[in-house]
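**Q** First the structure, then my questions, so here it is.
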Amino acid sequence: MPYNDYRQDLMGTAKLTPSGSFEVGTFQSFKLVYTAGKFGIDDQGGLRVGFRGHFDGSAIQFDNPSAPGYTTVKASNGALLEASWEVRRNIRPWNKSLYIRCLRFLREGDQIEIIFGNQNEGSPGWLMQTFCESAFTFQITVDPFATQDFIALTSSDNPTISMVPGDPVNWHAVLPTLRRPGEKFRLSIKGDDCWGNPSDRLTGRIKIKANMQVIGLPDLVDLRFGDFGIVIEGLSVDTPGLLEVTILNESDQVVAEANPLVIRADDVAHFWSDMHAQSGETIGVGTAQEYFDFARNKAFLDIAGHQGNDFQITDNFWQHLNELTAHYNEDNRFMTLPGYEWSGNTGLGGDHNVWYRTEGRPIYRSSRALISDRTNPENDALSTPELIEKLHAEDAIVVAHVGGRYADIKYAHDAKLEPSVEVHSSWGTFEWILRDAFESGYRVGIVGSSDGHKGRPGAEYPGDSQFGSYGGLTCHLLPRLNRDSFFDAFRKRRHYATTGARIFLDVTASLGDKTLQIGDIVNTDQNQLDLSFNVIGTAPVERVDIFNGMDLVQTIRPWNEHAPLNRIRVTCAGQHYRGRGRLVKWDVSANFSDGEIDRINAINFWNPNRQPQLVSANRAHWKTVTTGGASSVDFWLDDVALAGNIDVQTNFESWSSAVSEVKENGFTVDCGGMDIRLHIERLPDVLDVRSVSGEQSFKLEHQSEQRLYIRVTQEDGHQAWSSPIYVQRG
């Protein structure tokens, strides 16, 4: 048994200097002084300072005084200390820890001094995390008896600082994507710092331009320091059309373009969600209340859920979550759902997200790994078949998730409970889970979410960590925003997924005199179906792929076939494995034998400190990570370079060719792993088409099922997937 918690008051105290608020992503230096308690620390005992597992600042190190994170430790009595930085030797969420082992004993009152980022020794300091946190805690535990049983100080003795945003550098304007004439909507504007945190350092005035008359839209808005953004409510447009809104600064420079808003008479409108992320009560940061506030007021979502790991949710926290979702849920404004992440081991089914229509329902846990309470053992569900059995009596929906533990839907699946699978999150892009569903004969929709751990549901940048992608979103087609409409539409798969961009997507199919919507399942005696789509992007559209199951039927590239193709794109993509070890680290250089590179552009490089660099007139170098998705570098070349050769070197495979041999379909080099690949292709100098429509006819064979959907890829790397339409001929 662990040492009794009531003796925490004898474990000592700690003091941190300086204290207060610190800007994310900056170099800092802190002195932490631990004063030993009643028992001191026996020799071979020690001290542990824990940090959350998704802390993405510089690692603590003890060997290079001139490098970031250089840290010194010493004991006031001269005792020898042994220090190490450990990534997974502490109980979550404090996965990252500084371990200090005492090779000689300490008495009560003796001190251990730790200087993180010791600038007095020449270090630039300790690079702090890239995301905001109101209570960044130095979690201190002590092993006074050399038993390896580390006992926490009282919570008031754990030093805490605040991580705050920097200046706004990237502006965003957010609209809905589909509303009906005369229907009210809002325009939301914010400025993010370079790490994707909404900034409260807003000053000056912005101008708002629209291509249509918008009732209630001002021409000018004053920015107020201390606000995290601007929300203009009660707007409407009376006439059908495509609303485009542009934000300009006081110098008339465009700082943001809103996503497209289609105004048309329709049975449904679009509502955007991130239903899957976590707060600091489990593996994330911040409080659950801060989480929902961010989702509504800083990410400008319409729908949010909270998906804490079940084995870390106490009964008290489960009750608190239910109270929060009830409090924040407001029909036709902001919808919340009570839920949790069933986080079973991969061999027992893997991660699945569970949501209820109403509060007050049980939490069926996969384990109680981090919960001491053993009440209500009848609610334990230790495998996905057990979870499915217990949820049959509930008004619930489930989605298969790919995170640390990937969902094995071939192990267990229930069509009534689990309408959809998640193909994208901050963990990466996982189209393979759709393949698993098709191979098993399942009929599933497609969703995206963030599974964000950095307190930013709905706007989750990956930061500088194991997350390789921007968090996803789901667009829901609902007649109105409330739970009843949501559950009805979700079970019919009336939704599409994106990698985080609010792309407008409309996919239908004509079957005789019947029009099918995304998610429909139909049996027919017709022998032909016509699929239609309309895409309006937030950036130029690079391609639209039409699929039947996992078979690529057609690719539509919306550019003139005579357009000059003087741009070369080099793409790194893929993952090692389905589970936690999927992240691929790339080290790449591209060299052109002749001429010069006019310019380059990076796609899906989310870390501002790790961008591709031109190291000479004809050579570029970059490092990146992929976790199922892709990152690319575009090269615009002069005429001499276009007539020469290209040589791409990576830490996996390499490739070379005459530039003239690279065509729009490109070359793909298999680099091992699950689907690690290098791809080189050719693109037009300029892509400027944001609206793409098209059709595709399908012959319906007897006793065969068509599973029809599209995937959109924008020039900026963002993607969207429509939920399939399932049609079987008799």
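Just so it is clear, none of the values below were taken in a lab; they were calculated from the coordinates. The model shown is predicted, which means the values in this text are computed figures rather than measured ones. Virtual Cβ from ideal backbone geometry, glycine too; neighbours counted across all protein chains shown.
**Q** Cα-Cα over 20 Å: which of K15/K74; K514/K699; K31/K96; K31/K454; K298/K623?
**A** K31/K454; K298/K623
**Q** Sum up the charges of everything whose Cβ sits under 10 Å from the Cβ of E86, counting Lys and Arg as +1 and Asp and Glu as -1, but leave E86 out.
**A** Values: positive: R48, R88, R89, K96; negative: none.
Taking every Cβ under 10 Å from that of E86, the sum is +4.
**Q** Roughly speaking, what is the stretch gain from L10 to E378, that is 0.36 nm per residue apart minus the C-alpha to C-alpha distance, in nm to one decimal? Intermediate results must be reported in sequence, preceding the final value.
**A** Numbers: separation 368, 0.36 × 368 = 132.48 nm, distance 3.84 nm.
Gain on stretching L10 to E378: 128.6 nm.
**Q** Additional query: What residues qualify as long-range amide H neighbours of T429, i.e. H under 5 Å apart, gap of 5 or more or another chain, H built at 1.01 Å from N?
**A** For T429, whose amide H was placed from the backbone, the distant partners under 5 Å are T627, G628, G629.
**Q** Once the Cα atoms of region 275-500 are picked out, what are the Rg and Dmax in Å?
**A** Values for region 275-500 (Cα only, Rg and Dmax): 15.8, 44 Å.
**Q** Using the Karplus curve 6.51 cos²θ - 1.76 cosθ + 1.60 with θ = phi - 60°, work out ³J(HN,Hα) for each residue of region 105-115 in order, rounded to whole Hz, and write x for Gly and Pro.
**A** Result, ordered by residue: 7, 10, 9, 4, x, 5, 10, 10, 9, 10, 10 Hz.
**Q** What is the local net charge at G226, summed over the other residues whose Cβ is closer than 12 Å to its Cβ (Lys, Arg +1; Asp, Glu -1)?
**A** Cβ neighbours under 12 Å give a net charge of 0.
**Q** Let me ask you something else. Can you give me the long-range amide H partners of Q61? Hydrogens built in the peptide plane at 1.01 Å from N, cutoff under 5 Å, separation of 5 or more residues or another chain.
**A** Y70, T71
**Q** Kindly state, as a whole number, the per residue volume in cubic angstrom of the convex hull around the alpha carbon atoms of region 567-683.
**A** Once divided by residue count, the hull of region 567-683 is 88 Å³.
**Q** Along the positive direction of the dipole of region 606-730 (beta-carbon charges: Lys, Arg +1; Asp, Glu -1; about the Cα centre), which of P608, L687, G666 reaches farthest?
**A** Sorting the options by dipole projection puts first P608.
**Q** From the phi of every residue in region 368-380, what ³J(HN,Hα) in whole Hz does the Karplus formula 6.51 cos²θ - 1.76 cosθ + 1.60 yield, where θ is phi - 60° and glycine or proline is x?
**A** Calculated HN-Hα couplings, in order: 10, 4, 10, 10, 7, 5, 10, 6, 6, x, 5, 8, 6 Hz.
**Q** Go through 136-142, 382-388, 700-706 and give me the packing order, highest mean Cβ count within 10 Å leading. If you can, show how the numbers build up before the last one.
**A** Details: 136-142: 21.9, 382-388: 19.6, 700-706: 13.9.
Per-residue mean Cβ counts within 10 Å order the peptides as 136-142, 382-388, 700-706.
**Q** When only Cα pairs under 8 Å and 6 or more residues apart are kept, what is the percent relative contact order across region 49-193?
**A** 22 percent.
**Q** What nm value, rounded to one decimal, do you get for the distance between A539 and Q28 when each label is placed 7 Å out toward the C-beta?
**A** With each label placed 7 Å out from Cα toward Cβ, I get 3.2 nm.
**Q** Here is a further query. Hey, if you put +1 on the Cβ of every Lys and Arg and -1 on every Asp and Glu Cβ in the chain, which of L242, H562, L10 ends up farthest toward the positive end of that dipole?
**A** Positive-end residue among those listed: L10.
**Q** Next question. Is any residue of region 236-255 close enough, with backbone N under 15 Å, to a label point placed 7 angstrom from the Cα of R480 along the Cα-Cβ axis, and if so, which?
**A** Inside the label zone: nothing.
**Q** Placing +1 at every Lys and Arg Cβ and -1 at every Asp and Glu Cβ, with all other atoms neutral, what dipole size does the chain have around its Cα centre, in debye to the nearest 20?
**A** Here the chain has a charge dipole of around 680 debye.
**Q** Now for a different question. So what are the ³J(HN,Hα) numbers for region 346-357, from phi and the Karplus equation (6.51, -1.76, 1.60; θ = phi - 60°), rounded to whole Hz, Gly and Pro as x?
**A** With coefficients 6.51, -1.76 and 1.60, one gets 4, x, 10, x, x, 6, 9, 8, 10, 10, 10, 6 Hz.
**Q** Modelled label-to-label distance, D222 and R186, 7 Å Cα→beta-carbon offset: nm?
**A** Using points 7 Å along Cα→Cβ, the separation is 2.2 nm.
**Q** Still on this model: For D395 and R435, what does the FRET efficiency come to when R0 = 25 Å and r is the distance between their Cβ atoms, rounded to the nearest 0.05?
**A** The value I calculate is 0.25.
**Q** For the chain, what does -39500 (n - 2.57) per DSSP helix run (n ≥ 4), summed and divided by total residues, give at 222 nm, in deg cm²/dmol to the nearest 500?
**A** -2000 deg cm²/dmol
**Q** Grab the beta carbon distance between T203 and Q703, set R0 = 45 Å, and tell me the FRET efficiency rounded to 0.05.
**A** Efficiency at R0 = 45 Å is approximately 0.10.
**Q** Continuing with this model, one more query. Quick check: Cα centre of region 63-133 to Cα centre of region 229-281, how many Å?
**A** Result: 46 Å between the Cα centres.
**Q** For D167 and R88 in the same chain, what is the full-extension length gain: residue separation times 0.36 nm, less their Cα-Cα distance, in nm?
**A** 25.1 nm
**Q** Express the relative contact order of region 275-500 as a whole percentage, based on alpha carbon pairs under 8 Å and six or more residues apart in sequence. Walk me through the numbers before you get to the answer.
**A** Working: 526 pairs, mean separation 45.6, N = 226.
Relative CO of region 275-500 lands at 20 percent.
**Q** What does the charge dipole of region 1-94 about its Cα centre add up to, to the nearest 20 debye, if the Cβ of each Lys and Arg holds +1 and the Cβ of each Asp and Glu holds -1? Provide the component values of the computation, followed by the final result.
**A** Working: 10 positive and 9 negative charges, 34 e Å.
That gives region 1-94 a dipole magnitude of about 160 debye.
**Q** Relative contact order for the chain using alpha-carbon pairs under 8 Å, separation at least 6, rounded to a whole percent?
**A** RCO, the chain: 9 percent.
**Q** Return the FRET efficiency for the residue pair M674, Q119: r is the Cβ-Cβ distance, R0 is 45 Å, and the value is rounded to the nearest 0.05.
**A** Once rounded, the FRET efficiency stands at 0.55.
**Q** By DSSP, what percent of the beta bridges with both residues in region 5-164 are antiparallel, rounded to the nearest 5?
**A** 90
**Q** Right, here's the next one. Report the full-extension gain for the segment N523 to L80: residue separation times 0.36 nm, less the Cα-Cα distance, to one decimal in nm.
**A** Gain on extension, N523 to L80, equals 151.9 nm.
**Q** Under the rule of at least 5 residues apart or a separate chain, name every residue whose amide H is placed under 5 Å from the amide H of N566.
**A** D685
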